[in-house]
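> Mind looking over this structure? Questions follow.
The values are calculated or read from the model by the stated rules, or taken from the named source; none is laboratory data. Worth saying up front: this structure is predicted, and the values here are computed from it rather than measured. Note that each Cβ is placed from the backbone with ideal geometry, even for glycine, and that neighbours are counted across all protein chains shown. Surface accessibility is based on the protein's heavy atoms, side chains included, excluding ligands, DNA and RNA. Shrake-Rupley method; radii C 1.70, N 1.55, O 1.52, S 1.80 Å.
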Amino acid sequence: MGGSGLPGWKWLHLHALAERLLTQHSGWDGAHVNRVVYCTARIHGGGNVTSAQDQDVYLRALRAANAVDVIELGTYVSRVATAPLAVRDRRGRPIICAPSWPIMVQDGDAQAISGARFMASVARREEKGSDVNVATHLLLDLFYHRIDAAIVISNDSDLSLPIRSARDVVPVGLVNPTPGYPAGALNDNAGRGVGRHWWCQLTAADFINSQLPNPSGRYRKPMGW
């Protein structure tokens with residue numbers, strides 16, 4: 001899958017991606033994409049001016065190319081967090097690091113401190129509101145009968161309840177955009193409720209083959225995208 005060092009995947013045409021997923025995975029005969037909602041948050045420019053400018057160009061290009069119907073913005077929250085030093089296990093879960101040679105923790109008498117932890121204070125930037133915005137748009141689309149099926153591109157387990165509720169009303173395709181394991185809370189029976197639900201994971205080909213024109217209107221793809 002793409003990464004910050006691999007150009008050619010960020011300039012994503014969201015409507016084209018949705019059509020590709022629909023065609024390749026859904027099995028919903030005669031279906032077409034009639035509404036694309038993109039939930040994101042604007043990057044703070046204070047610590048990352050270039051990324052904020054690149055994101056602004058991308059959002060404008062999406063509108064210029066009619067690649068999205070709604071852009072719903074949450075917020076980024078910056079704060080300082082303190083947490084124990086950890087590494088990932090094979091499923092991405094944290095394993096707390098314990099002192100061991102060549103680095104140990106000792107008390108004033110040069111005795112090893114049993115059970116010591118390494119603590120780190122780090123800057124954290126968290127996207128807030130996007131999961132709520134996804135859930136709100138999904139449920140409002142159902143309430144106003146704007147859709148006959150839904151594709152949700154997310155691996156956020158916080159969406160388990162609205163997605164589970166939606167499956168009782170319309171078929172739902174759930175797409176994991178991350179290279180990691182799908183969130184277990186989002187799994188279900190394909191025949192639940194109205195049935196015809198499906199799951200898939202985005203691939204490098206999905207990104208590469210669903211790119212915006214360059215330029216899109218007046219907007220050109222940023223360097224490295």
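> If a residue must be of a type outside the set (A, V, I, L, M) and part of a strand (DSSP E or B), how many such residues does region 51-77 contain?
Number of matching residues: 4.
> May I ask you to list the residues in region 1-31 that are part of a loop (DSSP other than H, G, I, E, B), at pLDDT 95 or above and touching a Leu at 6+ places or on another chain (Cβ under 8 Å)?
Trp11, His13, Trp28, Ala31
> Counting only residues that are among the hydrophobic types (A, V, I, L, M, F, W, C) and in a loop (DSSP other than H, G, I, E, B), how many does region 78-93 have?
Going through region 78-93, the residues among the hydrophobic types (A, V, I, L, M, F, W, C) turn out to be 80-81, 83, 85-87.
Subsequent filtering for residues that are in a loop (DSSP other than H, G, I, E, B) retains 85.
Selection size over region 78-93: 1.
> Residue check, His145 against (1) on the phi > 0 side of the Ramachandran plot; (2) open to solvent by 90 Å² or more (accessible area, probe 1.4 Å); (3) in contact (Cβ under 8 Å) with a residue 24 or more places away in the chain, all met but one. Which one?
(3)
> Determine which single condition Pro99 fails, assuming it passes every other condition in (1) surrounded by 12 or more Cβ atoms within 10 Å (Cβ to Cβ); (2) under 21 Å from the mean Cα position of the chain (by Cα); (3) not hydrophobic (A, V, I, L, M, F, W, C).
The one condition Pro99 does not meet is (2).
> List the number of the failed condition for Asp131; all other conditions in (1) open to solvent by 80 Å² or more (accessible area, probe 1.4 Å); (2) within 30 Å of Arg164 (Cβ to Cβ); (3) acidic (Asp, Glu) hold.
(1)
> Give me the pairs: first residue in region 111-127 and of a type outside the set (Val, Ile, Thr), second residue loosely packed, with under 12 Cβ neighbours inside 10 Å and modelled with pLDDT of 90 or more, beta-carbon distance under 9 Å, and six or more apart or on different chains, which are they?
The qualifying pairs are Arg117/Ile96; Phe118/Ile96; Met119/Thr82; Ala120/Thr82; Ser121/Thr82.
> May I ask you to list the residues in region 32-50 that are open to solvent by 50 Å² or more (accessible area, probe 1.4 Å) and either under 22 Å from Ala135 (Cα atoms) or not in a helix (DSSP H, G or I) (or both)?
Result: His32, Asn34, Arg35, Tyr38, Arg42, Ile43, His44, Gly46, Gly47, Asn48.
> To continue, here is another question. Within region 116-166, how many residues are more than 25 Å from Thr23 (Cβ to Cβ) and among the aliphatic types (A, V, I, L, M)?
10
> Now for a separate question. For region 148-164, which residues satisfy the criterion of being small (Gly, Ala, Ser) and open to solvent by less than 50 Å² (accessible area, probe 1.4 Å)?
Ala149, Ala150, Ser154, Ser160
> Taking region 79-96 as the region of interest, how many residues are touching a residue at least 12 places away in the same chain (Cβ under 8 Å) and open to solvent by less than 70 Å² (accessible area, probe 1.4 Å)?
Residues flagged as touching a residue at least 12 places away in the same chain (Cβ under 8 Å) and open to solvent by less than 70 Å² (accessible area, probe 1.4 Å) within region 79-96 amount to 4.
> State all residues of region 175-198 that are within 24 Å of Asp29 (Cβ to Cβ), in a loop (DSSP other than H, G, I, E, B) and in contact (Cβ under 8 Å) with a residue 24 or more places away in the chain; if no residue qualifies, say none.
Asp188, Arg192, Gly193, Val194, Gly195, Arg196, His197, listed by residue number.
> Same structure, new question: Determine, yes or no, whether Val152 is assigned to a helix (DSSP H, G or I) and within 26 Å of Cys39 (Cβ to Cβ).
So Val152 fails the test.
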